[in-house]
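Below: one structure, written as structure tokens.
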Amino acid sequence: MSETKPRTSAFFEARDRATDYLVRRHHLRWPEVLPWLVAIACFFLFPNRMTFGSQVLIMIMFALSLDLILGYAGIVTLGHAAFFGIGAYTVALASLKLGWSEPISGLFGAAVIAGLVGVVVGWFILRYRGLTLLMLTIAFAAMLQESGNLRSDITGGYDGLPGLTFDPLLGAFQYDLYGHTNYWYALAALAVVFYLVRRIVYSPFGQTLTGIRENVRRMHSIGSPVHRRLVTVYAISAAIAGVAGALFTQTNAYVTLTVFDFDSSAKVMVMLILGGTGRLYGPFLGATVYMVLEDYFSKLSPTFWQFGIGILLVLTVLFARRGLLGVAEDFVRLRLSGRAGDAAPRRLVWKPEHWKALGASALDGAILGFLIGFAANLSRTELMSSFVAGTPARAFIFTLGGAAIGAGINAVYLLITSRSAVAGAAS
Amino acid sequence: MPQIANIVVSVLFDGLAYAMFLFITAVGLSVTMGLMGFVNLAHGAFAMAGGFVVVSLTRSYGIDFIPSLLIAAVLIGLISVRFEKRLYRRLYKSTDLEQVLLTIGLAFMAIAAFTYFYGPIPKSVPLPHWLEGDVNLGFRRFPSYRAFLIVVGAALIAVLWYVFENTNIGAKIRAAVDNRRMAESVGINVDRLFTLTFAVGSGLAALGGGLAIQLFGLTPSFAVLYLVLFLIVVAVGGLGSLKGTLLAALVIGIIDTGGKYAFPVAGNLFIYAITALVLLIKPSGFYGRE
Amino acid sequence: MSAALDVKSLNRSFGALHVTRDVNLTLERGARRALIGPNGAGKTTLINLITGVLKPSSGAIVLDGADVTATSQAERARRGLARTFQINQLFRGLTVLENICMVIAERDGHANNLWRPTGTKRVILEEGLDHLDALRLTEDALKLVRELPYGRQRLVEIAMALAQRPRVLLLDEPAAGVPSSESHLILDAVAALDPDIAVLIIEHDMDVVFRFAKEITVLVQGAVFTQGTPEEIRRNEKVREVYLGQEHHHG
């Protein structure tokens, strides 16, 4: 087929290198032990936060399930709480109505039921994409929730089903008040689920998911049964979410319809984005960071927490698209490659377009200032009344102040970035 | 009037008013999504902001309700242009997911900020006396405010319809929604068109928010509570279609009102069921482009 | 023996717009046919109809004697139909080798495996490397596709199609977008194609067409204007008017 150009050693080297890389791709790398060591360490470091710890592990599993469908296959869904809820209620109702309270088989049962529902739902809705698919996923979870409310005699409605009991683990380990048993239980379950997910991700099937996400047109044209693949991964993802939900019920001995909340689907997506999509360890990082921050800040001030989440999302999309893992990797790579530019002198290069940028920021600041001054009730006690007390004078002052602050912030930003631009150019 | 007919008329009337609110607020979202494919989940926040501007104008500055509505619409419309230019424009080439996340983040920030400045207690607005109480239409009496809402809605629909179908601008918008690349090659400046429609859409959202205060009371979480509803109207109606948004608003508005009256326990079940049904049968919505 | 590809009375309309008009086309085994025509003639639409991206309004597509008109894109690919796209459709975030191996894994059914890691099937790796070698891409095997210059990406596009081991190959302007310094790579690759494969190539560059093609089909406004050998087409006055005339004006 090709002309006989003499085979150089470079050619054979390239060939071997390529083979090596792909053959070794799935091998365990030593940093992969870290998350597990940290999880074990937490048990000894924070022994009285273990109920919280279990919930973090459950969220990691939930985020992992979403990663398969969103991060790897690229399917945007805001209704994954549906499967979490199905798993949660499967074990709850099995325990209450069928007297089946063996925990481990409960997890399997939840996985099977959630997975089956995933197959059926996925078969219908995965023909669509974009807004249509998004709304269908939202609608499905919402309909489950509303239907559950219709039969609140069975589901306990939004008040829920308290006081559920489950058999001791493996017949031997009793549940204790501190949630220690639950923690190890959740950790073991997470380890098993993670092993399965890891195998899937590194398998040829997992590779096709990436292909579907990257270029579905191409996948169709090379003969890939795209719909079948998506339904399969959706079902697996649903099953895992179901296991997470089942664990939730078992570790809390309680379940309510709020497990189906839209908020829950949105939250797990934020966790995943935060950690980094399409990565095995993104869910670990994202869920942990989110849960810890939420635990601390939402008790401090729910409003502040909501603002924090909002700004975190905005900054992530604008500057850290690959999530915390991506940022960490970039950082490590930068350190490893060495920054020769650091030795360069720190001169500031002020260009004419910087004035334009300042003006733009001043305008932004002015607008914000105007809005605040126009509306702001600076006497906090009056917030309880129906009246607000902005004044024209205050609006005017705040507008000017806002402009100044806006320009100021931008000036600082420019100073920092143009210095590193100089440094970078020299490296 | 016989009892059952009375109830039906009431439901239709309330449903119609509700539908008008949905249409006014959601139409901007539909056209901008159809035109640019940009998923703006902060749209609800614009509506909420409009509502609070009306609250401030009427309560702190003593301006009448109707002028306040107009001022709020214009103000938010103008501010939204700034948003579009500074933030949204960077994401036109991004994935849907990134747009969803950015705009949701903005919505959260807005809700938190408004909660901080206005407090979480639902706000109301002082209405002119002719909007309070009932209006007598001969065969029975109807709540004046809802009648007002229906009239405003109908007027806006007429204006928008005229602009869409009978003016140059409207034709350009429809062309660009239909096939963006071809519209550009024919010389239509789609970017400028988008800024215009975005501003008008956000202004209408603010108007809708202001009008909603009397219906639901206004809290900052209005921004996300009703967002799903707006998305439903947009998805079911079809992106970029005036007719579609109107039809979807009517269907959702009337069926939701009727459903909540007849089976209050079912809550939002009917709306979600309709959504799923329509989208499964016609994924692009009533009048969406395939 | 049936033809590799037989297109019968193919029609496609978008509302009132009749973009493909009663097209008949046959590719025998080993065919080297060029599809030419002015811009907007509907050449890519025809490829999309043959591959299954679009459904025809009427007509039939027969692949190796079997009617595939109602089957999906993927099914046709599995039956031996491969295509390249006018604009590269590659997995830009993956390495070149992973791109090729994706194709091979789909072809031999290995892609359905959820359990065994990709690297353990060395046969696939070896074959992938062979395909890369045939197009002189071995050194780029571990580079991410998006890091390659456009011309080499185009070669990967062709390698992907070849990795399907197709019986029928449709090339949509393979040299499009490739800087002239690199276009010889594409042309050499096309010239070296397996003589058993039936190849249909859309091309605007008439040098390439006359060098490569044994038969030429001229498409104008969605209909087959004329077909024949390169000599016949070159001598055909009407073709000159309709198409080659335009080329000469462009210079």
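Across segment B:251-290, the qualifying residues are those that are touching a Gly at 6+ places or on another chain (Cβ under 8 Å) and away from chain A (no Cβ under 13 Å), and the one among them that is surrounded by the most Cβ atoms within 10 Å (Cβ to Cβ) is B:Gly253.
One residue stands out among those in segment B:56-78 that are at pLDDT below 90 and among the aliphatic types (A, V, I, L, M): the one that is farthest from A:Thr391 (Cα to Cα), which is B:Ile63.
One residue alone among C:Ala66, C:Ala74, C:Ala70, C:Ala105 is farther than 12 Å from A:Gln207 by Cβ, within 7 Å of another protein chain (Cβ to nearest Cβ), small (Gly, Ala, Ser) and under 22 Å from the mean Cα position of the chain (by Cα), and that residue is C:Ala74.
Residues of segment C:30-40 that are surrounded by fewer than 23 Cβ atoms within 10 Å (Cβ to Cβ) and more than 15 Å from the chain's Cα centre (by Cα): C:Pro38, C:Asn39, C:Gly40. Of the helices (runs of 4 or more DSSP H) lying entirely inside segment C:105-203, those containing at least 1 residues that are modelled with pLDDT of 90 or more, closer than 19 Å to A:Glu214 by Cβ and of a type outside the set (Asp, Glu) span C:122-134, C:150-163. Selection of segment B:127-142 for residues being in contact (Cβ under 8 Å) with a residue 40 or more places away in the chain and either part of a helix (DSSP H, G or I) or within 22 Å of the chain's Cα centre (by Cα) (or both) yields B:Leu127, B:Leu131. Looking only at residues in segment B:114-125 that are facing chain A (nearest Cβ under 7 Å) and of a type outside the set (S, T, N, Q), the one that is surrounded by the fewest Cβ atoms within 10 Å (Cβ to Cβ) is B:Ile121.
The helices (runs of 4 or more DSSP H) falling completely within segment B:205-290 that include 1 or more residues that are of a type in the set (A, V, I, L, M, F, W, C), within 23 Å of B:Gly50 (Cβ to Cβ) and in contact with a Phe, Trp or Tyr (Cβ under 8 Å, 6 or more places away or on another chain) map to B:222-225, B:227-237, B:242-262. Name the residue that is nearest to B:Phe46 (Cα to Cα), counting only residues in segment B:222-240 that are at pLDDT 90 or above and not hydrophobic (A, V, I, L, M, F, W, C). The extreme case among them is B:Tyr226. Screening C:Phe91 against (1) surrounded by 23 or more Cβ atoms within 10 Å (Cβ to Cβ); (2) assigned to a loop (DSSP other than H, G, I, E, B); (3) more than 8 Å from every other protein chain (Cβ to nearest Cβ) leaves a single unmet condition, (3). Test B:Phe148 against the criterion of being in a loop (DSSP other than H, G, I, E, B), away from chain A (no Cβ under 14 Å) and either surrounded by fewer than 18 Cβ atoms within 10 Å (Cβ to Cβ) or free of Cβ contacts under 8 Å to residues at least 60 places away in the same chain (or both), and give yes or no. The answer is no for B:Phe148. Selection of helices (runs of 4 or more DSSP H) fully inside segment A:3-112 by the criterion of at least 3 residues being surrounded by 24 or more Cβ atoms within 10 Å (Cβ to Cβ) returns A:50-66, A:81-97. One residue alone among B:Leu137, B:Leu211, B:Leu156 is exposed (fewer than 14 other Cβ atoms within 10 Å of the Cβ) and on the phi < 0 side of the Ramachandran plot, and that residue is B:Leu137.
If the condition is being modelled with pLDDT under 75, within 36 Å of the chain's Cα centre (by Cα), hydrophobic (A, V, I, L, M, F, W, C) and part of a helix (DSSP H, G or I), then segment A:333-376 contributes A:Ala340, A:Ala375.
In the set A:Phe124, A:Phe44, A:Phe108, only one residue is within 14 Å of chain B (Cβ to nearest Cβ) and over 20 Å from the mean Cα position of the chain (by Cα); that residue is A:Phe124. You will find that of A:Ile138, A:Ile154, the residue that is more than 28 Å from the chain's Cα centre (by Cα) and either part of a helix (DSSP H, G or I) or away from chain B (no Cβ under 14 Å) (or both) is A:Ile154 and no other. One residue stands out among those in segment A:200-229 that are more than 7 Å from chain C (Cβ to nearest Cβ), touching a Gly at 6+ places or on another chain (Cβ under 7 Å) and not basic (Lys, Arg): the one that is surrounded by the fewest Cβ atoms within 10 Å (Cβ to Cβ), which is A:Ile212.
Kindly check whether there is at least one residue in segment C:79-87 that is facing another protein chain (nearest Cβ under 7 Å) and either modelled with pLDDT under 90 or part of a loop (DSSP other than H, G, I, E, B) (or both). For segment C:79-87, residues facing another protein chain (nearest Cβ under 7 Å) and either modelled with pLDDT under 90 or part of a loop (DSSP other than H, G, I, E, B) (or both): absent.
What is the one condition in (1) surrounded by fewer than 16 Cβ atoms within 10 Å (Cβ to Cβ); (2) among the aliphatic types (A, V, I, L, M); (3) within 11 Å of chain B (Cβ to nearest Cβ) that A:Leu336 does not satisfy? Every condition holds for A:Leu336 apart from (3). C:Arg21 passes every criterion in (1) farther than 17 Å from C:Phe225 by Cβ; (2) of a type in the set (Lys, Arg); (3) assigned to a strand (DSSP E or B) apart from (1).
Within segment B:169-179, can you find the residues that are surrounded by fewer than 18 Cβ atoms within 10 Å (Cβ to Cβ) and closer than 23 Å to B:Ser80 by Cβ? Selection gives B:Ile169, B:Gly170. Looking only at segment C:178-191, residues that are in contact with a helix residue (DSSP H, G or I) (Cβ under 9 Å, 6 or more places away or on another chain) and loosely packed, with under 14 Cβ neighbours inside 10 Å come to 3 in all. Beta carbons closer than 7 Å, at least 6 apart along the sequence or on distinct chains, never pair a first residue in segment C:94-112 that is farther than 18 Å from A:Val233 by Cα with a second that is at pLDDT 95 or above and among the small types (Gly, Ala, Ser). Taken over segment B:91-104, the criterion of being within 7 Å of another protein chain (Cβ to nearest Cβ) and either crowded, with 24+ Cβ neighbours inside 10 Å or among the hydroxyl-bearing types (Ser, Thr, Tyr) (or both) is satisfied by B:Leu101, B:Leu102, B:Ile104.
For C:Asn99, indicate whether it is crowded, with 23+ Cβ neighbours inside 10 Å and either modelled with pLDDT of 95 or more or more than 7 Å from every other protein chain (Cβ to nearest Cβ) (or both). Criteria met by C:Asn99.
The values are calculated or read from the model by the stated rules, or taken from the named source; none is laboratory data. Keep in mind that what you see is a predicted model, and the values were worked out from it rather than measured. Reconstructed Cβ throughout: ideal geometry from the backbone, glycine too, with neighbour counts over all protein chains shown.
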